Every structure is written in C-alpha cells, then in structure tokens.
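A.B. asks: Shown below is the structure under consideration.
The values are calculated or read from the model by the stated rules, or taken from the named source; none is laboratory data. This is a predicted model, so every value here is computed, not measured. Using ideal geometry, Cβ is built from the backbone for each residue, glycine included, and neighbour counts are taken over all protein chains shown. Protein only, heavy atoms only, side chains kept; ligands, DNA and RNA dropped before computing areas. Shrake-Rupley method; radii C 1.70, N 1.55, O 1.52, S 1.80 Å.
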Amino acid sequence: MSLNLFDLKGKTVLVTGSTHGLGMAMAKGLGNAGATIIVNGNSSQEKIDKAVETYKAEGISAIGYKFNVAEEKEVIAAIEKIEKEVAPIDVLFNNAGIIKRIPLEKMEVSDFKQVIDIDLVSPFIVSKHVVKGMIKRKQGKIVNICSMMTELGRNTVGAYAAAKGGLKMLTKNMATEWAKHNIQVNGIGPGYFATSQTEPIRKDGHPFNDFIIQRTPAAKWGDPNDLAGAAIFLSSSASNFVNGHILYVDGGILATIGKPSNE
Ligand code: GCO
Ligand code: CA
C-alpha cells in the first residue's frame, strides 16, 4: 500500500532534454513507475524518434516533441499541442541545459548570456506556460534540475554556476507563488555523473577524473540510473507536502570539504 505513494500510472510527465543523458535516465525511471513520458529535444527529429524507440523498447509509453525551450513562441505552441494530443501535463522536469567551460575573463558576453538563457530563463519560460493548466486543475509538480554548481564554484563554469544558483532561487520563488494551488516545485541537484556532458573531463588520465573520485565520499562517478528514485519521489504523491526543496544526489559531495589526496 505504501508503494502506491510512488505510483505514476496515469501521469503525463514532460522532461525537457530527454533524448540522452540524465534527462533520459530520469525519464526512464518515471516511465518504469508508470508515467507517460513526453520526450523533448531540439537537435533533430531523428534524434527524438530514436530516443522514443529506446523508451518504447523498455515498455515505456513515450511521445516525442521537438521544440526549443528558450523560444517562448515554440514553447507555447508545443504545450498546446501536447495537452491536446496526449494529455494535460501533470509533472514538468526542467532538465534541458548546456555548459560552456571557459575562464570568466575569457568568456564572451554572448556565451555567458546563452548559458543563462538556456539554463535559467528557459525553466521560467516552460514553467510559466505549463503552470497555467496546473493552476486550473489545482494540481501539479515541477522539478528543476540543478547542479553541484548550485552551491559551489569551479574554475571555467562561471556562467553555468550563475544559472544553476539562480535556478535554486527560482525554484524557491515558484514554490512560494504556486504552492497555494497545490503545486509542488522542487529541484534535484545531481553530483558528478557519467554522461556525455562530463565525458570531456572524465577521460582516463584527465586530472579532473581522479579529482572527482577523490572529492566524492562515495569515491566514484554517479550512475545516471541513481537519479530515478529522487525523480519518482518528487513526481509522486509521496512528496505532496515537499515544496521549495533541492534534493542533492551527489554521493556526499556537499557533506564534506574533501580530503588530502594521500588519505
Ligand atoms: C563541470 C561539470 C558539472 C556537472 C554537474 C555537477 O564541468 O563541473 O560538467 O557542471 O555537469 O552539473 O553537478
Ligand atoms: Ca493523466
């Protein structure tokens, strides 16, 4: 009976940026808990179609929609289409994001702005238009995908850290404004996971690879599937009174200052 708390049958979940990486891993977890997944990406229809096939091969109900989360007009049209063709969106995951690894003093303003646009402004745009239906239905959940850079700085990722730190406060403010409509807005803060996004800094022999294993109490890179539990919890009735919280899934990184390399 207590497991029903985590059941997502009959729920429609839009996961932006769910053709690969952490978005796909979380969406698969949600799909395996019974949700219908709205798969989104913006690179090509082919990539979306391929991703949808991957979900379906696992017995997950999935439908793909290509749109750019940073373009308000596209977002409005896509949400209208999804809600007409599939079902009202019960849960929104603002997952789509980019990173640019450039020292701040060398970063072009246009690069900085692009990161802020996709990682911070887009969650606002998509939420603004999805929440309208949620308010009408007096029910909904929004999960914003944050980062270790929501809390910590790191060389070269200044724009990303500014965006992800901002996303935490946007999460709290959304919770402040929308909780009264029975909408829960929370975040997930992944630690360091083995994905294509971290591939360039994970390569064997890259100093960052050893550093992250040393810096993480669990002493390893995260497996993307380890995010499914947090994703299901924050999408399900198990979290109906959880609001404005960032759930870090980081193998203990934020619990510790770290340790010398010989310990
Ligand atoms: C980096 C990484 C991070 C991670 C993640 C950490 O360059 O430091 O890519 O940004 O992707 O967001 O939580
Ligand atoms: Ca439904």
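A.B. asks: Give me the 1.4 Å probe accessible area per residue for the chain, excluding ligands and nucleic acids, in Å².
C.D. replies: 48
A.B. asks: Pairwise over distinct Cα atoms, reciprocal of the mean inverse distance: report the Kirkwood radius of the range 50-113 in Å, one decimal place.
C.D. replies: 14.8
A.B. asks: While we're looking at this one, here's another question. What size of dipole, in debye to the nearest 20, comes out for the chain about its Cα centre when the only charges are +1 on Lys and Arg C-beta atoms and -1 on Asp and Glu C-beta atoms?
C.D. replies: 540
A.B. asks: To continue, here is another question. For the range 107-263, state the average projected area of the convex hull of the C-alpha atoms over all orientations, rounded to one decimal in nm².
C.D. replies: So the Cα hull casts an average projection of 10.3 nm².
A.B. asks: When the accessible area of the range 1-100 is split by element with a 1.4 Å probe, what percent falls to carbon and sulfur? Spell out each step's value before the answer.
C.D. replies: Details: 2430 of 4670 Å².
Looking at the range 1-100 in its full context, I get 52 percent from C and S.
A.B. asks: In the range 131-263, carbon and sulfur make up what percent of the accessible area (probe 1.4 Å)? Intermediate values should be presented prior to the final figure.
C.D. replies: Details: 3480 of 6290 Å².
The nonpolar share, carbon plus sulfur, comes to 55 percent.
A.B. asks: Still on this structure, I have one more. How big is the antiparallel share of DSSP beta bridges in the chain, given as a percent to the nearest 5?
C.D. replies: That works out to approximately 0 percent antiparallel.
A.B. asks: Determine the calculated [θ] at 222 nm for the chain from helices alone, applying -39500 (n - 2.57) to every DSSP H run no shorter than 4 residues and normalising by the residue count; nearest 500 deg cm²/dmol.
C.D. replies: Numbers: 9 runs with 105 residues, N = 263.
Here the helix-only value at 222 nm equals -12500 deg cm²/dmol.
A.B. asks: Next question. In whole angstrom, note down how far apart the Cα centers of the range 76-140 and the range 170-193 are.
C.D. replies: 13
A.B. asks: Follow-up question, since we're still on this one. Suppose we keep just the alpha-carbon trace of the range 1-114; what are its Rg and Dmax in angstrom?
C.D. replies: Cα radius of gyration and Dmax of the range 1-114 are 15.9, 56 Å respectively.
A.B. asks: Right, next: Between MET169, ASN243, GLY59, whose Cα lies farthest towards the positive end of the dipole of the chain when Lys and Arg beta carbons carry +1 and Asp and Glu beta carbons carry -1, centred on the Cα centre?
C.D. replies: ASN243
A.B. asks: Which Cα, out of SER127, THR216, GLY23, lies furthest along the positive dipole direction of the chain (beta carbon charges, K/R +1, D/E -1)?
C.D. replies: Checked the options; the winner is SER127.
A.B. asks: For MET107 and GLU46, compute 0.36 nm times the residue count separating them, minus their Cα-Cα distance, and round to one decimal in nm.
C.D. replies: On the way: separation 61, 0.36 × 61 = 21.96 nm, distance 3.23 nm.
Full-extension gain reported as 18.7 nm.
A.B. asks: Please list the helices of the chain that count as membrane-span-like by this rule: a mean Kyte-Doolittle hydropathy of at least -1.0 together with Cα atoms stretching 24 Å or more along the helix axis, each helix being a complete DSSP H run.
C.D. replies: Span-like helices here: 158-178.
A.B. asks: Taking only the alpha carbons of the range 183-233, what extent do you get along each of the three principal axes, in Å, biggest first?
C.D. replies: 45, 23, 16
A.B. asks: Quick one: which of LYS11/LYS136; LYS100/LYS164; LYS141/LYS172; LYS81/LYS172 span more than 21 angstrom between C-alpha atoms?
C.D. replies: LYS81/LYS172
A.B. asks: Compute the whole-percent fraction of alpha carbon pairs in the chain spaced more than 26 Å apart.
C.D. replies: Beyond 26 Å sits 39 percent of the P(r) for the chain.
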